[in-house]
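One structure is given here, and the rest of the page talks about it.
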Amino acid sequence: MLSRTSDPGLNVALVIPLQGPLGLIGPASELCAQLAAEEINDAGGILGREIRLITVDGGAAPSAAAREVGALVAAGEVDAVIGAHTSAVRRAIVPRIADRVPYVYTSLYEGGERNPSVFMTGETPRLQLLPGMRLLAQERHVRRWYIVGDDYVWPRKTAAMARGYARANGGRIVGESYVPLGTTDFSAVIDQLERSAMDGVLVLLVGQDAVHFHRAFAQRRLHHTAVRLTPLMDENMLLATGAESTIGLFVAAGYFDTLATPEQLDFASRYARRFGLDAPMAGNLGQSCYEGVRLLDALIARARSPKVRELTAVADTVTYEGARGRLHLRDRHTAQRIYLAEAEALQFSVVAELPPCG
């Protein structure tokens with residue numbers, strides 16, 4: 001245990017969405033980060049310093065979230081940043097804090113982040129969509145994909161890669177629709193889907209936007225004629241969508257609450273003991289915040305310093321423990337297993353571990 005009277009603390013800005021389309025994953029993200037911080041502090045802290053989380057609303061406008069994080073860093077009030085939020089927020093934050101403090105970004109994202117002060121634990125399209133689309137082409141004969149996404153950097157860049165993935169799997173993209181974040185009415189998009197020749201929909205929507213789309217999709221009974229594949233759908237989103245709207249919905253991701261691995265079962269047990277059985281489900285994005293805190297701990301412990309230059313020098317030698325087992329960094333990204341799961345009512349059934357695509 002720490003002696004907190006003399007501990008200077010290690011303050012961390014936890015940037016998670018508390019509003020907007022991704023706000024429904026905020027509570028689980030905060031609890032998972034809190035669990036990791038408590039466990040680390042109970043074991044003596046990070047280099048003997050108590051980790052203290054300062055929550056910042058990552059569901060605010062990207063410029064507003066970046067200003068708040070930048071002000072905390074400039075004032076010396078935080079030593080690191082951990083975030084599960086959209087890529088639009090990440091791209092606004094990075095220029096304000098680059099090379100000043102480490103930034104652990106835990107969300108799945110479009111790939112390509114090269115700033116040496118940013119460390120990523122999330123999945124990327126090549127890990128998720130290329131093998132996921134390949135398996136659905138083989139098993140469900142999906143060849144004609146329609147892309148539906150929010151209109152910002154992650155869906156746009158992911159869609160550009162998905163066009164090539166479709167061709168590589170003997171298929172093609174037959175249409176694309178993009179909507180503003182916060183869209184609730186998808187009737188015009190569903191009209192376009194009905195007029196297209198699609199047999200699969202690649203869904204690149206976040207949080208509540210995805211919930212509204214999946215409900216509208218099922219109301220038109222398109223779930224009986226086409227499958228949906230998405231890299232972003234956790235158990236909290238699934239619960240909000242409702243069992244009747246999830247038929248034929250597949251998710252490619254690195255974590256599900258139903259993974260029957262010793263590490264996940266142990267994590268789930270500790271999470272339930274700490275917060276109770278009525279706590280929000282951890283889900284992929286919530287659990288990623290647990291990993292983010294664990295990775296920060298491992299980086300600083302390995303470097304014996306929270307300074308960006310020292311962390312970057314040791315990053316590729318770092319491993320950390322999480323609900324997905326022991327993971328290690330490669331080029332500041334987490335090497336990880338990816339699974340394909342099918343929604344079954346209000347939970348996911350993992351159907352395959354997806355092979356890596358080199």
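The values are calculated or read from the model by the stated rules, or taken from the named source; none is laboratory data. Small disclaimer: the values here were computed from a predicted structure and weren't measured. Neighbour counts run over all protein chains shown; Cβ positions are idealised from the backbone, glycine included. Ligands, DNA and RNA are excluded from the accessible area calculation, which covers all protein heavy atoms including side chains. Shrake-Rupley method; radii C 1.70, N 1.55, O 1.52, S 1.80 Å.
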### Message
Can you give the FRET efficiency to the nearest 0.05 for Leu277 and Glu353, using r as the Cβ-Cβ distance and R₀ = 30 Å?
### Response
0.55
### Query
Ignoring ligands, DNA and RNA, what percent of the 1.4 Å accessible area of the chain is carbon and sulfur?
49
### Task
Please identify, among Ala43, Ala159, Ala98, the residue showing maximal mean-square fluctuation in a Gaussian network model of the chain using a 10 angstrom Cα cutoff.
Ala43
### Query
Tell me, what does the Kirkwood hydrodynamic radius of segment 123-275 come to in angstroms if you use every pair of distinct C-alpha atoms?
16.0
### Task
Please report, to two decimal places, log10 I(q)/I(0) for segment 59-133 at q = 0.15, 0.20 Å⁻¹ as given by the Debye formula with identical point scatterers on the Cα atoms and no solvent.
-0.50, -0.81
### Message
For Asp151, what accessible surface area do you get with a 1.4 Å probe? Give it in Å², rounded to 10.
### Response
80
### Query
Hey, how many Å between the Cα centroid of segment 273-318 and the Cα centroid of segment 173-240?
32
### Query
Put a dot 7 Å past each Cα toward the Cβ at Arg172 and Ala43; how far apart are the dots in nm?
5.3
### Query
Restricting the count to DSSP beta bridges whose residues both fall in the chain, what percent are antiparallel, rounded to a multiple of 5?
35
### Message
With a 10 Å cut-off between alpha carbons and a GNM built on the chain, which of Val293, Val251, Val189 moves the most?
### Response
Val189
### Task
Normalise the Cα radius of gyration of segment 198-314 by 2.2 N^0.38 Å (N = residues in it) and let me know the number.
1.36
### Task
Mind grabbing the accessible area of Ile40 for me, 1.4 Å probe, Å², rounded to tens?
10
### Query
With the other protein chains left in place, how much accessible area per residue, in square angstrom, belongs to the chain at a 1.4 angstrom probe?
39
## Note on the structure
Per the Kirkwood formula over distinct C-alpha pairs, the hydrodynamic radius of segment 78-205 in angstrom is 16.0
### Summary
CD proxy, 222 nm, the chain: helix-only mean residue ellipticity via -39,500 (n - 2.57) per DSSP H run with n ≥ 4, per residue, nearest 500, stands at -13000 deg cm²/dmol
### Message
Check which residues have an amide H placed less than 5 Å from Gly322's amide H, if you skip close sequence neighbours.
### Response
Leu327
#### Entry: Cβ-placed point charges (K, R +1; D, E -1), dipole of segment 1-138 about Cα centre in debye, nearest 20
500
### Message
Which of rounded, prolate or oblate describes segment 253-358 when judged by the alpha-carbon gyration tensor and an a/c cut-off of 1.5?
### Response
oblate
### Message
Please list Lys307, Lys157 from largest to smallest accessible area, probe radius 1.4 Å, with all protein chains kept in place.
### Response
Lys307, Lys157
### Task
Figure the gain on full extension for Asp151 and Thr317 (residue separation times 0.36 nm, minus the Cα-Cα span) and round it to one decimal in nm.
56.1 nm
### Message
Which order do you get for His141, His223 if you rank them by accessible area with a 1.4 Å probe, largest at the top?
### Response
His141, His223
#### Entry: By accessible area with a 1.4 Å probe, ligands and nucleic acids excluded, highest first: order of Glu235, Glu344
Glu344, Glu235
### Message
How many angstrom lie between the Cα centre of segment 56-95 and the Cα centre of segment 22-47?
### Response
18
